[in-house]
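First up is the structure itself, then whatever we jot down about it.
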Amino acid sequence: EPEVTQTPSHQVTQMGQEVILRCVPISNHLYFYWYRQILGQKVEFLVSFYNNEISEKSEIFDDQFSVERPDGSNFTLKIRSTKLEDSAMYFCARSTGIQFFGPGTRLTVL
Amino acid sequence: AQSVTQPDIHITVSEGASLELRCNYSYGATPYLFWYVQSPGQGLQLLLKYFSGDTLVQGIKGFEAEFKRSQSSFNLRKPSVHWSDAAEYFCAVGASGANNLFFGTGTRLTVIP
């Protein structure tokens with residue numbers, strides 16, 4: 001299956017800083033998702049993105065978060081004013097009817 | 001409310017032994033069910049899925065799962081475990097392959113020689 005790549009693999013930031021996590025699908029898909037996994041906890045849905053618009057978002061996905069696909073290929077998750085509790089693994093997924101996940105970005109907020 | 005329960009946090013089995021990982025779900029509509037595996041430091045890899053039809057589904061790496069609607073379960077099985085199967089296993093449910101997925105808390109599998 002075509003893969004999804006994510007950059008960076010690990011991001012360390014100071015509390016209050018903004019971070020941008022990137023997802024690059026190999027193929028041109030329409031459905032994208034962001035999930036996060038806090039250490040030791042379950043994977044949680046954040047947002048889905050279809051045809052360049054948010055189609056669904058969870059209660060976790062508040063005004064601190066935003067997503068976009070600025071150049072038609074990269075799919076980004078922006079976290080403004082990061083908090084300690086934002087430390088987690090963030091997974092991008094794409095769907096062709098089945099969701100395939102990228103390797104994740106580990107975000108550490110100090 | 002949608003939820004997935006994986007009652008076993010950690011399971012240890014001997015290499016060559018059989019394995020069953022439990023998954024129970026609560027979902028208001030017809031569920032689409034998935035099992036994903038996560039090796040240390042890796043992303044989530046799809047093992048198998050159930051959408052409809054035959055309730056026993058086959059996946060990669062010799063895994064299978066059985067959907068039991070009456071029990072709201074989707075247990076994962078493997079007849080003979082290999083050391084490389086050591087990983088975290090997640091059960092997930094969704095309204096389709098495109099809708100957001102709800103994950104269980106995962107079961108960590110340890111394989112001993």
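Every read-out reported here was derived from the displayed coordinates using simple, explicitly stated rules and does not represent laboratory data. Just so we're clear, the structure is a prediction, and the values are computed from it rather than from any experiment. Here the Cβ is made from the backbone with ideal geometry for all residues, glycine too, and neighbour counts use every protein chain on show.
Spin-label model, A:ARG22 to B:ILE60: label points 7 Å out along the Cα-to-beta-carbon direction sit 2.6 nm apart. The DSSP beta bridges internal to chain A are antiparallel in roughly 90% of cases.
One decimal place: the segment A:LEU30-A:ASP71 gains 13.4 nm when fully extended, by the rule 0.36 nm per residue minus the C-alpha distance.
Charged neighbours of A:VAL43, selected by a Cβ distance under 15 Å, balance to +2 (K, R count +1; D, E count -1). Phi angles across the stretch A:5-19 convert, under the Karplus curve 6.51 cos²θ - 1.76 cosθ + 1.60 with θ = phi - 60°, into 3J(HN,Hα) values of 9, 10, 9, x, 7, 9, 10, 10, 9, 8, 3, x, 7, 9, 10 Hz, Gly and Pro given as x.
The mean sequence separation of alpha-carbon pairs under 8 Å and at least six residues apart, normalised by the residue count of chain B, gives a relative contact order of 38 percent. Rounded to the nearest angstrom and listed largest first, the equivalent-ellipsoid semi-axes of chain B from its Cα gyration tensor are 23, 14, 13. Remark: spin-label model distance B:GLN45-A:LYS83 equals 3.6 nm, labels positioned 7 Å along the Cα→Cβ axis. Charges at C-beta only: +1 for Lys and Arg, -1 for Asp and Glu. How large is the resulting dipole of the stretch B:10-70 about its Cα centre, in Debye rounded to 20? Here the size comes out at about 180 debye.
Evaluate peptide A:33-41: per residue, the Cβ atoms of other protein chains within 10 Å of its Cβ; return the mean as an integer.
Across A:33-41, the average partner-chain Cβ count within 10 Å equals 2.
Each label was represented as a point 7 Å from its Cα along the Cα-to-Cβ direction; for A:SER58 and A:ILE98 these points are 2.3 nm apart.
Within a straight-line Cα-Cα reach of under 26 Å, B:LYS68 can be paired with the following lysines, leaving aside sequence neighbours fewer than 8 residues apart in one chain: A:LYS42, B:LYS49, B:LYS78.
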